[in-house]
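All remarks here apply to the structure that follows.
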Amino acid sequence: MSVRRLAEDSVQPASFAFNPENAVWAEATIKKYPEGREQSAVIPLLMRAQDQDGWVTKAAIEKIADMLGMAYIRVLEVATFYTQFQLQPVGTRAHIQVCGTTPCMLRGAEDLISVCKSKIHHDPHHLNEDGTLSWEEVECLGACVNAPMIAIFKDTYEDLTATQLEHIIDRFKAGKGSDIKPGPQVDRIFSAPAGGLSSLTEEIPPAPKSEALTGVPAASEQPAQPAQTPPSNAAKPDTSAPETDPKLKTPADGKSAEPDAAVKSAKPALDDPNRPAGVDKPEKPDDLQLISGIGPKIEATLNSIGIYTYAQVAAWGPAEREWVDGYLNFKGRIERDDWARQAKALADGGEEEYIRVFGKKPR
């Protein structure tokens, strides 16, 4: 980034003060920050000073530093770092920022810069003869699809040609910049396609309700089908054949043919021989939630079947882990999170051993 310095002393005003309205705003802005953090208001105050005078003066920097209890050099560092702050006088009616980033440059930004050089001043950051206009080249202004574009203070003017920019400059120089509507200078709405929409332009008639929802025409709209009489020698269906899968039997209410939900989610029996042995609740049970993968609900479920200690979890064999997995309805969690190894580390040496084994604190 280029070096940015304050304007020469010859153009610097002797003092700075916020006007009454801005002074009230500045005090309210400072109060938004906690005591001892008032310096966070430095950027908003610098922006308001620039909005008031058009640029950030040395006197404004010193005034804001005094208001915030900051050293002058700290506020100067902020003002010179951010390119949004103008450090020398700009045009009283328009300061034109021409976007020179790739999309705009490919679409004619160089022609816009040439117009600024011919109608304002050959060099950027210089005023025209009557001090009403100035210009500079800046980085992306954020409307690349509308390239090339410029910004004048807080408004942008997009989709420009050199001729259009000449007209804009002439209007601002004459004090009639409000005649120019900001935004695209072609027949488009914001960033919509230039020249109007090119797709989805035909109105699609609404489909009948039944077809719109299911993709199938309503019964009343379907062509009538002729009645079909089976031949006299056709085999009759055997209505006495038994159902082969009782789980797929359709309920009497006809609402579902799915297998019984209880069959799908049944837990292993509590008297299953693979159930791990439980113990009575000890005086100080272990904090099972230190094992990654065990939360409050799972810990409560484990406690309900007599699991209270790290040593119990560490001692589970494959069959016992499978039983607990099924009982918790989290198939594969025990192996995935390696409960046994975590529990063994905690049982052997608590959190210190866990950190030594896993390189981090539990949970």
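Look through Ala300, Ala347, Ala269 and report the one residue that is free of Cβ contacts under 8 Å to residues at least 24 places away in the same chain and under 45 Å from the mean Cα position of the chain (by Cα). Working first, answer last.
Values: Ala347 fails: free of Cβ contacts under 8 Å to residues at least 24 places away in the same chain; Ala269 fails: under 45 Å from the mean Cα position of the chain (by Cα).
The conditions single out Ala300.
What number of residues within the stretch 10-31 are in contact (Cβ under 8 Å) with a residue 40 or more places away in the chain and part of a helix (DSSP H, G or I)?
2
What about Phe153, is it under 37 Å from the mean Cα position of the chain (by Cα) and either acidic (Asp, Glu) or more than 19 Å from Ala194 (Cα to Cα) (or both)? I'd like the intermediate steps shown before the answer.
Details: under 37 Å from the mean Cα position of the chain (by Cα): yes; either acidic (Asp, Glu) or more than 19 Å from Ala194 (Cα to Cα) (or both): yes.
Yes, satisfied.
Only one of these is surrounded by fewer than 22 Cβ atoms within 10 Å (Cβ to Cβ) and touching a helix residue (DSSP H, G or I) at 6+ places or on another chain (Cβ under 7 Å): Gln86, Gln50. Name it. Spell out how you get there, then give the answer.
On the way: Gln50 fails: touching a helix residue (DSSP H, G or I) at 6+ places or on another chain (Cβ under 7 Å).
Result: Gln86 is the single residue among Gln86, Gln50 that is surrounded by fewer than 22 Cβ atoms within 10 Å (Cβ to Cβ) and touching a helix residue (DSSP H, G or I) at 6+ places or on another chain (Cβ under 7 Å).
Quick one: would you say Glu8 is among the acidic types (Asp, Glu) and over 27 Å from Thr132 (Cα atoms)?
Numbers: among the acidic types (Asp, Glu): yes; over 27 Å from Thr132 (Cα atoms): no.
The answer is no for Glu8.
Kindly list, by first and then second residue, each pair from a residue in the stretch 60-89 that is over 13 Å from Glu38 (Cα atoms) to a residue that is hydroxyl-bearing (Ser, Thr, Tyr), limited to pairs with Cβ atoms under 8 Å and residues at least 6 apart or on different chains.
Ile61/Tyr72; Glu62/Tyr72; Lys63/Ser15; Leu87/Thr80; Pro89/Ser134
Can you name the residue in the stretch 91-106 that is out of contact with any helix residue (DSSP H, G or I) (no Cβ under 9 Å at 6 or more places or on another chain) and under 20 Å from Pro182 (Cβ atoms) and, of all such residues, is surrounded by the fewest Cβ atoms within 10 Å (Cβ to Cβ)? I'd like the intermediate steps shown before the answer.
Pass one, the stretch 91-106, residues out of contact with any helix residue (DSSP H, G or I) (no Cβ under 9 Å at 6 or more places or on another chain): 92, 95, 97, 105-106.
From what is left, the residues that are under 20 Å from Pro182 (Cβ atoms) are 92, 95, 97.
Working: Thr92: 14, His95: 22, Gln97: 23.
It comes out as Thr92.
Is it true that Pro103 is within 30 Å of Ala192 (Cα to Cα), assigned to a helix (DSSP H, G or I) and within 33 Å of the chain's Cα centre (by Cα)? Reasoning before the result, please.
Working: within 30 Å of Ala192 (Cα to Cα): yes; assigned to a helix (DSSP H, G or I): yes; within 33 Å of the chain's Cα centre (by Cα): yes.
For Pro103, the condition - within 30 Å of Ala192 (Cα to Cα), assigned to a helix (DSSP H, G or I) and within 33 Å of the chain's Cα centre (by Cα) - is met.
Between Ile150, Ile169, which is under 20 Å from Thr101 (Cβ atoms), out of contact with any Leu (no Cβ under 6 Å at 6 or more places or on another chain) and at pLDDT 95 or above? Step through it out loud before you land on a result.
Details: Ile169 fails: under 20 Å from Thr101 (Cβ atoms).
Answer to the selection: Ile150.
Kindly check whether there is at least one residue in the stretch 178-190 that is surrounded by 10 or more Cβ atoms within 10 Å (Cβ to Cβ), at pLDDT 75 or above, more than 36 Å from the chain's Cα centre (by Cα) and under 30 Å from Leu165 (Cα atoms).
Within the stretch 178-190 (the criterion being surrounded by 10 or more Cβ atoms within 10 Å (Cβ to Cβ), at pLDDT 75 or above, more than 36 Å from the chain's Cα centre (by Cα) and under 30 Å from Leu165 (Cα atoms)), the answer is yes, since at least one residue qualifies.
Of the residues in the stretch 303-358, how many are more than 12 Å from Ile291 (Cα to Cα), assigned to a loop (DSSP other than H, G, I, E, B) and at pLDDT 90 or above?
The number of residues fulfilling the criteria is 7.
The values are calculated or read from the model by the stated rules, or taken from the named source; none is laboratory data. Keep in mind that what you see is a predicted model, and the values were worked out from it rather than measured. In this analysis, Cβ positions are derived from the backbone assuming ideal geometry, glycine residues included, and neighbour counts consider all displayed protein chains.
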